[in-house]
Structure formats: structure tokens, C-alpha cells
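Enquirer: Sending over a structure as C-alpha cells; questions will come in a sec.
Read the figures in this text as sums done on the coordinates, not as results from a lab. For clarity, every value in this text was computed on a predicted model and none was experimentally measured. Glycine gets a Cβ as well: all are built from the backbone with ideal geometry, and neighbour counts include every protein chain shown.
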Amino acid sequence: MFDLHGKTALITGASRGIGRSILLAYADHGADVILHCRKPGERSDQVIRQAEASGVRCYAVYADMAERSGPQKLIDGVKALGLQVDILVLGASVEIRNSWTEITDEQFDLQMDTNLRAPMKLMQQFIPEMQKRHWGRVITMGSVQQVKPIPPLLVYSAIKAAQYNMVLSLAPQIAPDGVTINNLAPGAIRTDRNAEALSDPAYEKHVESLIPVRYIGQPDDIAAIAVYLASEESKYMTGQNIIIAGGKDL
């Protein structure tokens, strides 16, 4: 089960955190992988080396999803490699914490372009190609914020809710062609995005106390579900919002 040999997966925001874990998990299960991140560096180079150690091919395409030209640059990069995308994971995102009274146009546009417009453009490109082949898997990366937003993340949580509504809209439209689309909504996860907040032992203990399983999740906890959703075995699941939050009451 969960054999991904013969498939090619594109993972955006894959040089760190959850995206990195998903890419490496796909490589472990036999998929060739396309790493996307904003720019090359040692971090992305290290992920490429780790993926290739699994015996698969790992490609890299660099583009800034905050720029209007970013999604097309990524699309052109994949085309230049002569690759088809069987599995699309939309993980690149920007999260800006701010009081709702102080949100600027620049902060709003940055999050909107990166977290909603770019995923839509990539879906417009790659989903029709999956439909023609009668097989495809799309996974959007949401957040528990989409169901239970916290005050400093007004824009981010609103956008993640909007993204899931795109999933709900697309799922029945593309299902007859063998293409599924699902949303993963992680809770508290140990990533570099959360490292600063969790460096406070008192805050870390407080967060853990709110989670029934009594630990803060790891990126691999999300990657495991992403492997299932990318596989043939998930063919009967589409349009779902899957919360992975250690049993926390939302």
C-alpha cells in the first residue's frame, strides 16, 4: 500500500517544515519529487540530497509566490524540465501576526497573493492536465486557524478558510476524472515558524497542556497523512478537511 513509484509530486514551500517532510516522505515511497522554494540555498540543497538518497529523482524550481509572476515562473520551470505533475501539494504560505486595526495593504496583499492567488494559479495549470490523464492528487495545506482563528491572524485565518472553500468547490467538479483534492489542517507543529514562540518553556508547557495527546506535533505527523492522500488507496476520499491537532477541541 501507498506505493508512489511512477508518480511525480510537486511540493511548494518544500525546503523546510511540513513541506520538507512531505517531500522526503514521498521520496521514501518511490515518487520523483519537485522541490519548490523561493530561492536556492544550503537548506534546499540538503533536502535534494536527502531525497535522492531514497533512489528517486529530485528536481528544484525556484520562484517567489508573493510576486505576481511567481506561479507562472514555477509552471514554466516544471515545463522546462519536461515533467508532468501527478501529485500537487500546495504548502507555500506567509503568516503575518498583527492586530486587526494595524493590518496594512502590503501585509494583506502579501498573504493573499502567496496563500490564495498562487495556489489557484497552480491548480488552474496542473489539475486540467491530471484530468486528461484521469488520475491526480491535490493537497492544500490549511490550518486549524481556518476553523478557530486567533486574534493576531485575522487575514491568514480568513484566507485559509477561503482556500478550503476552493477545495469544496473543485472536489465534485474534478472527481469524475479521477482527481481528488483534500485539505490538511495542522494544529501546533514544531517547525521553524513556531520555534521562537516554543522557545519559552512556560508557553511550550501551556500549549502541550491544551493538546489531549500531550505533545506538540512533528512535521512527519502531517507527512504521514499526505502520503495516504497522494496514493491510490485514497481514491474514495475527496473534498475533505482533515484536522491533525492531537485531539484538541476546536
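Enquirer: Cut-off is 10 Å between beta-carbons; in what order do M1, M166 appear when sorted fewest neighbours first?
Expert: M1, M166
Enquirer: Go from 0 up to the bin containing the longest alpha carbon distance in region 127-170, width 5 Å each, and give me the % of pairs per bin.
Expert: 6, 22, 22, 16, 12, 10, 7, 4, 1
Enquirer: Then there's this: Please list, ordered by chain and number, the residues whose modelled amide H lies under 5 Å from the amide H of G178; skip anything fewer than 5 residues away on the same chain.
Expert: none
Enquirer: Once both axes come from the Cα atoms, what is the angle between helix 219-230 and the longest principal axis of the chain, in degrees from 0 to 90, rounded to 10?
Expert: That helix lies at roughly 40 degrees to the long axis.
Enquirer: Using a Gaussian network model of the chain whose springs link C-alpha atoms within less than 10 Å, name the residue from P71, P219, P128 with the highest mean-square fluctuation.
Expert: P128
Enquirer: At what distance in angstrom do the alpha carbon centres of region 52-88 and region 156-178 lie from each other?
Expert: 22 Å
Enquirer: What ratio of Cα Rg to 2.2 N^0.38 Å holds for region 107-250?
Expert: Numbers: Rg = 16.4 Å, N = 144, 2.2 N^0.38 = 14.5 Å.
Taking the Cα Rg and dividing by 2.2 N^0.38 Å, one obtains 1.13.
Enquirer: Right, another one. Using bins 10 angstrom wide from zero, how does P(r) for region 148-193 break down, in % of all Cα pairs?
Expert: With a bin width of 10 Å, the distribution comes to 23, 41, 26, 11, 0.
Enquirer: With a ≥ b ≥ c the root eigenvalues of the C-alpha gyration tensor of the chain, is it rounded (a/c under 1.5), prolate (a/b larger than b/c) or oblate?
Expert: Numbers: a/c = 1.40, a/b = 1.33, b/c = 1.06.
Rounded, because the longest to shortest axis ratio a/c is under 1.5.
Enquirer: Using a Gaussian network model of the chain with C-alpha springs under 10 Å, which one of D32, D105, D86 is most mobile by mean-square fluctuation?
Expert: D105
Enquirer: Moving on to the next point. Relative to the compact globular guide of 2.2 N^0.38 Å, what is the alpha carbon radius of gyration of region 44-139, as a ratio?
Expert: 1.27
Enquirer: Ok, one more. Determine, for L83, L184, the number of other Cβ atoms within 10 Å of each Cβ, and report the residues in order from fewest to most. Walk me through the numbers on the way to the answer.
Expert: Working: L83 16, L184 23.
Neighbour counts put them in this order, fewest first: L83, L184.
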